[in-house]
Structures are given as structure tokens and as C-alpha cells.
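Since the structure comes first, as C-alpha cells, the remarks are kept for the end.
The values are calculated or read from the model by the stated rules, or taken from the named source; none is laboratory data. Given the structure is predicted, the values throughout are model-derived calculations rather than measurements. Because the Cβ atoms are built from the backbone with ideal geometry, glycine has one as well, and the counts that use them run over all protein chains shown. What goes into the accessible areas is simple: the full protein's heavy atoms, side chains included, and nothing from ligands, DNA or RNA. Shrake-Rupley method; radii C 1.70, N 1.55, O 1.52, S 1.80 Å.
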Amino acid sequence: MTDKDPLDLLRDTTPPTASPDAKREALTAAMTQFDLVQKKQGDTQGSAMGRRLISRGLQTWRNAMTTKILSKSWTGPAFATLLVLPVAGLVTWSTIGNLPGLEGLEPVAESLPIPLQKAKQNETSALEADQRKPIDDAQGRVDSENAAVAQDTSKLEGQVSVLAAPPASEPVAGLTAQRSTTRGLAGQIADLAPSPRDIPVFSPEKRDRVQGFDSSSVKRVGDEPVSTFSIDTDTASYAWVRRSLREGGLPDADTVRVEEMINYFPYSWSPPQSAETPFVTTVTVMPTPWNANTKLMHVAIKGYEIAQAQKPKANLVFLIDTSGSMQDADKLPLVKASLRLLLDRLGPDDSVAIVSYAGEAGVVLEPTKASSKAAILAAIDRLGAGGSTAGAAGIEEAYRLAQSSFVDGGINRVMLATDGDFNIGPADDEALKQLVEAKRKSGVFLSVLGFGQGNYNDQLMQVIAQNGNGTAAYIDTLSEAEKTLVQEAGSTLFPIAKDVKIQVEFNPAAIAEYRLIGYETRALNREDFNNDKVDAGEIGSGHSVTAIYEMTPVGSPALSVDALRYGKAEKAVPTGDASEYGFVKIRYKAPESETSKLISQPVTVENLIELPQAPQDVRFSVAVAAFGQKLRKQDQVSSFSFDAIGELANGAKGDDAFGYRTEFLTLVRLAKGLAGE
């Protein structure tokens, strides 16, 4: 414990800006104490439940209260400033509890009452006895000077005292359901404590970074008849949304990527029959549940699932962020538990290496056969958090190690586990993007497992995964780790196609307008579709991918864009058979190839079915699409209630072997309550 005055330390430290709630609470408490000082100058005030301020701090308060306040020479605003700023600053600073040099003060208990009321008349003598007790429980010594100053400052010291928590060995009255029968200051506070919900809760500012984007707009087929985008198999957004809702808040709209929410769930789309056809596309057209005057085009892709005996050897390098920002329980400890789960899914001849990075990168485990499980587990157990974050250096080292043990015809992948808080070396998105783009040419892919919150860099995780020919997942619980790394290990680790792009051309004779639901951050130019140099998404073994368009038929009252009155010729003239809604094309490359192949099919009225007749998986994915749009506050679903979403999803829940869809229904109910619908 430092011998320096806490108030001296406070004067040398710039406190965080107090919130309006803190200022109001502090002013209320201060005015209450001022009234007590005016009415009863002779009272003394001790602290029976926690540390006191030492002599210099109390002397400052006494002088200010007696010479300025009691003489009424200060105006109201000046008096409010005197009281509000120190008290509010101390409350906020103590709550954060991590400023240097203040190790001697305990963090403030959130439930401690700030305003104190006058003690009951029949307890005055016992209270005064407690108040005169000049024992400093924090330092274990008697401070006679404190007692003398406390006698002059009356109730004020008690107000300041409750701003510091008691020693760990002393129970806090008022924080438990049981009330002490011993009368004194602690008992008084317990009886007078306000409801915890009336007390503001202070928390450090979160610095999570996400990429802002606008929702897809409605396109007029006459102006833009072609839509092109990259396949996305990431699932990070859904897990982040789930965590936000479980913690009692609606997610920020920019954290909601609708396509990642849709693709979070496993679906039983029609699978291909052989490895020669890496995936099969199934298209369904149906009425839109949130708009009777539009239709949905539902494009479902199912990847070929590699049998366990056919799976190629894996060369995996775990790149683990061990910087100081990873020390929380939901970061490095969860990373280590997740790696243990993944280890059980590897074959005996698969190779595992571990690179950690903090202030610098280092090899924790050289490439080791998965059969040497004890050695790998020992290396995982040695990982500890501390230091700054040299992320780029870690990526360089991980790629070097992966290339040194490269398996021809096998799976060569770096698995990055981090919160994305890179702060040493190249840390901006563009520099890391270029680094990963250059490394993927070696045949080593990179996937990202994101952990934690508070300084989570989701935007950077997306950049790295998309440009490293990998996927991005967010691991918030061990159950999510089990889903990603055990149940879906094939789609996570074993790619069957890369650079997968979709292009849809709409027939202006049948469709007047359309919009793509989600995939805003995956949009491509029309000319990118045939350009094999343009990077796109990856599909893993057995993976399912879904894309949904909302289409407005010609002549529908739902048209949102008026035709032009003057001069400009239409770019697409309605021709052909109106029974064809559009034409779907998909380009992809085999994992070892740099030349793409094309799959295409028309979408006609034969694909049209009524919503109740649609397969369960189709209806459930549409419910998830509606939920994602609702969380993004998109106008198209503003009149479609959370109850309606829940009803649609519940009717399509099916067997739900792992409980994912039941969990989704819970999230819908939470969102309904939080939104006040």
C-alpha cells in the first residue's frame, strides 16, 4: 500500500468525465450532508464499515465546509461545483479501479448507497459512539487527527467513506439480504439503503470496433438487372448478437450481418452425390411473410461432405494471442479450452504447431503429430497472457511454420485466436490485408476465432478471414467452441471450394425491383464475377450456404421506385417469357486450382410454392432473415413483429438435435422485451 495521500494521488490523476447520473447522485448526497452540517455542528462522523480518507484530505474538506459554505459566501453554482466534481470523480475513478498508484483503495461496491438519511433519534448515542471510533481498518492503526477532523465535518466523512469499499475481511452491511441487528452506522446504512436499481452502475467504456455499413437498398431491374456477391460462411455475427441479448442489450446494428445469422444454422439442403460435384444449388420462390405483395427467392447451397476416411492430412498452426488484453476468463482461458476440444477431432497423422505472440512472436510448439497429445496439451497449458500485441509478427511466424511443414494435397491452415487488439507493427486493416493476401498464395489458408469483448476488433477479424481464404467465428462460450470446432470441424477445416461467387440476373418482364438480404460487405462488381483474380468466399466440407432476395413483381403495389418521366432510356427492356424470374450463376475453384468453373440454372414459376408448403429449413432460415433485419431496424420488416418471427420459426423448428433453434426462439423473446414491443 502506498503512503501517499489518496487525494494527492487524485490531484495528480486526470479522472474520467463523470456521467450526468453520477453528478446528480453526488449533488443530492452533498446537499443532504450540507443540511446535516447546518443543523448539528457538534456531531462527529466515523466510518464503521470502511477505510477513511487520511488527514490532509479531511482537513481540506473541513476548511472548505466551515470557511466557505457555512459563511454562505459561495454562490449555489460554485458550491455545487465544489461538491459534485470531487465526489463524482471519486465514484467513477474508484469503480474503474485500475488507475496506477491507487492500489491502496478497494473498488466501489455497486450497491452501496450514496445519499444517507438522518439517523433515527433513539439510536443517536450508539451512532455517535461508532462515529467517534477512529480505527482505520484499511491500515490497521488509529489516526487521532482523523478523529479530530471528523468531529468538525459531521456527516460528510460518512458520505465520503461509503465511496471506498471496506477491507476484504469486513462484511459490507446493506449488500446482503440479512440486516444487522447491531445498531450503528453500518446498521443504519443497511436500513436506509435504496433499491439497487435506483443506483447508477458505472462500467469502463467499451472499445469494440465493427465495420459500419448500410443495408442493401432496393434496386430497379430496369437500371441494375444483375446482382453479384461473394459467398459468406462466417458465423461470428450471430454469436455476438446472442451475447449482446443475453447481457441485456439490443446489439448495435453494425454488428448484425444478416447472412451470418442465416448461415449460423445447419440445414439439410439437397447434397451432391459425389466429390466431382462439390455442391448442389436448390432455389425456392415463395410469398414474403412480411409483405404480401413481394416474393422471396431463396438460394440454398449444400457442399459435399468428405467422409472421415477420405479427409486429407491437416497441417495446422494455432496462432494464439497472449497479450495482456487476453487475460480475461472469456479470452485466453476459453481459447485453451477450445483448442483441447479441437485436438480430439484430429487424426493421429495430422500436424499441430503453436505460435504465441505478445510483445513479440515465439514458437511454443514445433510441428507435432496429433498422436502426441500429451505434448500438445502441455504446450497449451503453458500459455499465459501479458504484454502488448505484435499481431503482424505473429502472423508472419505462423505462416513460416506452416510452410515449413507444408502437406502437398493436404489442409494447410493457420488458426488465429485473438480479440484483434493489434498494437505493435503493421496494425491497420490495409497493411494486414496485404500481408494475408500475399501469404495465401503459398497455399496456406487462415481462419479466425474471435474471443472476448470490450476491445474486440470485429472489423479486423473480417478483413483477415476474408482475405486469408478462411472463415471468421466468434467464440463466446465453450458450447460455441464445441459447435465450431467439433460438430462443424469439417466445414471449419476442410475446404471443398474457394473463391465462390454468385450472380443473379433478373428478368425485367417478371421482376420490377429486388434487394439482396444481407451480404452488404461481400458485394462484388458485375465484372468481378468472371475475373478469376478476384478473391471470394470459401465452402467447407458439408457446409450449407443460403442467400435470399426479396423481389417485387411487375405491376405489384409494393413498387418503391417510380419510373422515369423524362428522356433516360431504360437499360433493361422487358423481353422474353415472364414465367422466368431470373437466372442464377455460380463460379467456384477447386481448393488446389486457380481456374474457376461455372454452374447455372434458371429460376421459373415452377420454383414457386406457398410458404406453408416450403420445407422446414427454408421457413426457419426466412425467420432468421427477418430477425436480423429487425435488429438492424430495416423499414421492410418494421411491421413484422417479434411475435410473428417467433411463430414462423417455431413452426419450422423440426427435430433440433443440438438445440440451436430453441435457443434462437429464446433470443427472439429477449429482443422483444428489450425493444419494448
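Checking the cross-link pairs LYS441/LYS585; LYS219/LYS311; LYS433/LYS672; LYS331/LYS439; LYS336/LYS597; LYS295/LYS533 against a 32 Å limit on the alpha carbon distance flags LYS219/LYS311; LYS433/LYS672; LYS336/LYS597; LYS295/LYS533 as lying beyond it.
Between THR477 and ALA309, the modelled label-to-label distance comes to 3.7 nm, taking each label 7 Å out from Cα in the direction of the beta carbon. Charged neighbours of GLY359, selected by a Cβ distance under 14 Å, balance to -4 (K, R count +1; D, E count -1). Taking the Cβ of LEU296 as the centre, find all other residues whose Cβ is under 15 Å away and add up their charges (Lys, Arg: +1; Asp, Glu: -1). Surrounding charge for LEU296 is -2. Computed from the Cβ-Cβ distance with R0 of 35 Å, the FRET efficiency linking ASP381 to TYR660 stands at 0.65. Above 25 Å, the calculated P(r) of region 429-539 contains 33 percent of its Cα-Cα pairs. Our summary gives region 258-308 a relative contact order of 36 percent, counting only alpha carbon pairs under 8 angstrom and 6 or more residues apart.
Classification of region 269-350 by its C-alpha gyration tensor yields an oblate form. The axis ratio a/c (a ≥ b ≥ c) is 1.5 or more, and b/c is at least a/b.
Let's test the formula: R0 of 30 Å, r as the Cβ-Cβ distance of GLU527 and SER560. What FRET efficiency results, to the nearest 0.05? After rounding to 0.05, the efficiency reads 0.65.
Each label point was placed 7 Å from the Cα along the Cα-to-Cβ direction; for LEU674 and ASP349 their separation is 4.8 nm. When GLU592, GLU437 are compared by accessible area of protein heavy atoms, the largest-first order is GLU592, GLU437, using a 1.4 Å probe. Taking the protein heavy atoms of region 483-564 in the context of the full set of protein chains, the accessible area attributed to carbon and sulfur is 46 percent at 1.4 Å. Modelled label positions at ARG400 and GLN273, each set 7 Å beyond Cα in the direction of Cβ, lie 5.1 nm from each other.
In this calculation the C-beta distance from ASP635 to SER371 is compared with R0 = 51 Å, giving a FRET efficiency of 0.35.
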